[in-house]
């Protein structure tokens, strides 16, 4: 009796392969490598400034990716704000990947009111939960509930997202000088009395 082991071997490799690789690394030459170790070279951008997404960042440890995917963190800050600096420090020290939205003008203040229901900075969103004002105990308990680790597990070189204004600034339209209107003279009909196109 002859047993064919090839299907068994192929199925075992298919099941065990993805479980070993936690990181997908794309090198500068475009070469893709799968590994179980976080990349240590270069800077790792944590957050897409347009979407705020961090869950798909392969450089983050799995438990941090899962927490960030389920409960993304956004910090709302203002200029010259000591409590905002303290809030930013807590998130950075704890190793929470977050996006930061800056409130700079009246449009931003109005948008902040719509998002969090108040015009207060610093404010924080952890998933859909809104935390108004900085209170260390309250923020820590919500980050704990969202499964963010108490100590930083961020890889070396990790940087949180770029600070962006809360509302998008529309570029002022460049005035275009109107063309001088030229009055078209009516065309003369041909002598035959027909239409000219």
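The numbers here are math on the coordinates, done by the rules we state, and not lab data. All values reported here derive from a predicted model rather than from experimental measurement. All Cβ positions, even for glycine, are placed from backbone atoms using ideal geometry, and neighbour counts span all protein chains on display.
Only bridges with both residues in the stretch 39-165 count here: give the DSSP antiparallel percent, nearest 5.
45
At 7 Å along Cα-to-Cβ for each site, give me the label-to-label distance between residue 118 and residue 66 in nm.
Taking the simple label geometry, residue 118 and residue 66 are separated by 3.3 nm.
Below 8 Å between Cα atoms, with a sequence gap of 6+, how large is the relative contact order for the stretch 39-165 in percent?
In percent, rounded to a whole number, it is 38.
On the Cα set of the stretch 39-165, report Rg and Dmax in Å, please.
When restricted to the Cα atoms of the stretch 39-165, Rg and Dmax are 14.0, 42 Å.
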